[in-house]
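Contents: one structure, followed by commentary.
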Amino acid sequence: MSLTATDLTCIRGDRLVFDKAALSLSAGQALWVKGKNGAGKTSLLRVVAGLLKPARGSVCWNGIDIREDPDAYQGHCHYIGHQDALKPVLTARENLTFWSTYAGVSRVAEALEIFELSRIADMPAGILSAGQKKRTNLARLVASPAPLWILDEPISSLDTHYIRLFADCLAAHLKDGGMALFATHQDLQVDGVGYLDLNGGGTRE
Amino acid sequence: MMAGFLGLVRRELLLAFRQGSALTLTLAFFVIAVTLFPLGVGPELNILQRIGPGVLWVGALLSCLLTLDRMFQADFEDGSLDLLMIGRVPVELVVLAKVVSHWLTSILPLILITPLLAVSLNMPFDGIVAMEFALLLGSPALSLIGSVGAGLTVGLRRGGVLLSLMVLPLYIPVLIFGVAAVEAAIAVLPMASHLSLLAAMSLGALVVCPVAAAAALRLAVD
Amino acid sequence: MAIDFHKYANPTRFLRLASAVFPWVTGAAVLLLVTGLYMGLFVAPEDYQQGETVRIMFVHVPAAWMGMSVYTMMAVSAAAGLIWKHPVADLSAKAAAPIGACFTLLALVTGALWGQPMWGTYWVWDARLTSMLILLFLYLGYMALWGSFDDHSKAARAAAILVLVGAINIPVIKFSVDWWNTLHQPASVATLDGPKIHGSILTPLLVMGAAYMMLFLSVFIIRVKAEIMDRRLQIMKISQLQE
């Protein structure tokens, strides 16, 4: 499994967000996307997830352009965005169960356990704190495994304990041959993570 | 894939059930809108019988519009739409699941309460039976055509008004043949051709609309 | 900001062509309009039943033709815009919409004015008038959708989807309205086409049709040019802000 992107250019409205971005990932690798506010981190992640259409360039999954054959890519990546994708009237468990059955595999109990959510699993998601919502959203990563994780600010509103917990989770995912592309403001201190600098600094594996 | 589709329908129904108010509000709107007509045109039974089918159909169209703008909006706002778009289930099927849920939660209740309102509009029994069949066969087209409008207006300011402006003209054929079927039945004329046309419109919409709505949604998350 | 320049440079060829054609088209529009109106208003014989009012037809019928053709043209350019992503195709659908809406409105207003002496009332739910009214609604929905997007290319694609869905629906709407009308209208009401058209009426009608076509092209070129200029201005403004 591999992910490559070449010569990506993204235009929002009439504004050039980033130009000629390139990246490549293979099993067990992760990239930390760095950049100032407005450098286009979110846009880049959304382009790679297949949500945004790049103005130029292509993203290839196993060598096949994801725009030309979306079916081959669909379901192979997890996207964690700024919003939590939780329905306030459903419980955390119900939300998680829905997303994991939607993805095909359901290891909800295990995921709740790992993210220490078991105690609050049957509370409506609407009354959870921001951090608890974030963890419920992150639990999707474990509840239905997918080879590629695309994470936009995954640790915002988490305290240090849960940041550590998430970093371990990410390390385990990479060890199992997974891939990850993430944008955070602070270093997750996971071994073997390369970075991609959108301020024009290029990449380092 | 099928599991994902059914899971999505199940979630939508569960949400509608938990949030109950939307369902009852639509129903209440339908009943009140229809009740206004006798108050507006007077209580003469023969006039009510004459306008009954049209009033019920127009009421159903408007009530259907009320919930259309929420079809994708809530998922757009909380980020669920992004995940639905890149999940295992093709976007066209996501649209279809939404349409099925919209029909079940917003239109089926209207169909169920229609006989009661029809009686209040002095509609004969044959007309009521025809009304039910016409609604059952024609109303899927309403949800389907509506899904395109909902997809196009997702994330827009004033989306609801715009949605009505775009979708209502497209509803006209369903309205015309829906009413015609009931009028034919009341006049003891054959109505099979009208019902067939309604079914044809629903089937045609089933082919075109999920594709168009999916294209609109891809645009919305872009 | 060298990026994607070809996308916006592309219209240059269109602009050159448009500027070359524009004077001819405008001239033809004026000439044909004058000729058509003269023929229609002074030369064509008056109708033995309707008298002078029949002359409204020369303004009304070609306007209805244009209302429908412009929507068709928009559907074609929307499809071209979606498939080949040609920027001029997107712009041309946008530029054509208000012109088409104006022709449709003209057809409706003249139809109502004609209806007064013919039917004794300004508005009759005649099948053709009703279809034109629905067409006007479709135009309005299209323009409203364009206006609701901030992002130009998104607006173009959304409007293209709407216009295509509308175009698929138009035959169904037309059919159902015609059918509805025969059900509800007594057959004695005269329709707008009346008896077989005589040559003395047909010629000015066709001349007026051609005149409207040229008028459309002339206004269309102005609008597309303005759109392209507007796009360039936007891009220049933003790149200036970025520097």
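Structural remarks
- If the condition is being within 10 Å of B:GLY127 (Cβ to Cβ) and within 10 Å of chain C (Cβ to nearest Cβ), then the range B:178-205 contributes B:GLU183, B:ALA184.
- Any hit, the range B:130-140, residues being in contact (Cβ under 8 Å) with a residue 60 or more places away in the chain, within 11 Å of another protein chain (Cβ to nearest Cβ) and part of a helix (DSSP H, G or I): no
- B:ASP75 vs. criteria surrounded by 20 or more Cβ atoms within 10 Å (Cβ to Cβ) and under 19 Å from B:LEU163 (Cβ atoms): yes
- Residue under evaluation B:VAL211, criteria (1) under 28 Å from C:ASP150 (Cα atoms); (2) more than 10 Å from every other protein chain (Cβ to nearest Cβ); (3) among the β-branched types (Val, Ile, Thr), criterion not met: (2)
- Filter result for B:ILE172 (under 19 Å from the mean Cα position of the chain (by Cα) and either within 7 Å of chain C (Cβ to nearest Cβ) or more than 30 Å from B:SER80 (Cα to Cα) (or both)): yes
- From the list C:VAL70, C:VAL30, C:VAL54, the one residue that fits, being farther than 17 Å from C:TRP114 by Cα and over 13 Å from the mean Cα position of the chain (by Cα), is C:VAL30.
- Evaluated against (1) more than 7 Å from chain B (Cβ to nearest Cβ); (2) touching a strand residue (DSSP E or B) at 6+ places or on another chain (Cβ under 6 Å); (3) not acidic (Asp, Glu), A:TYR79 falls short on exactly one condition, (1).
- Among the conditions (1) out of contact with any helix residue (DSSP H, G or I) (no Cβ under 6 Å at 6 or more places or on another chain); (2) under 28 Å from A:LEU44 (Cα atoms), the only one that A:ILE127 does not satisfy is (2).
- Members of the range C:75-105 that are buried (at least 20 other Cβ atoms within 10 Å of the Cβ) and basic (Lys, Arg): C:LYS94
- Any hit, the range B:27-36, residues being within 14 Å of chain A (Cβ to nearest Cβ), in contact (Cβ under 8 Å) with a residue 12 or more places away in the chain and either of a type outside the set (Phe, Trp, Tyr) or touching a Lys or Arg at 6+ places or on another chain (Cβ under 6 Å) (or both): no
- Any hit, the range B:101-111, residues being among the aromatic types (Phe, Trp, Tyr) and either in contact (Cβ under 8 Å) with a residue 24 or more places away in the chain or crowded, with 22+ Cβ neighbours inside 10 Å (or both): yes
- Any hit, the range C:73-87, residues being under 12 Å from C:ALA156 (Cα atoms), out of contact with any Ser or Thr (no Cβ under 7 Å at 6 or more places or on another chain) and free of Cβ contacts under 8 Å to residues at least 40 places away in the same chain: yes
- Qualifying residue in the range C:95-104 (condition: in contact with a Leu (Cβ under 7 Å, 6 or more places away or on another chain) and within 14 Å of chain B (Cβ to nearest Cβ)): yes
- Count of residues meeting criterion [within 12 Å of another protein chain (Cβ to nearest Cβ), touching a residue at least 60 places away in the same chain (Cβ under 8 Å) and not β-branched (Val, Ile, Thr)] in the range A:22-45: 1
We did not get these values from a lab; they are worked out from the coordinates using the rules stated. Predicted model, so just to flag it, every value in this text is computed and none were measured. Using ideal geometry, Cβ is built from the backbone for each residue, glycine included, and neighbour counts are taken over all protein chains shown.
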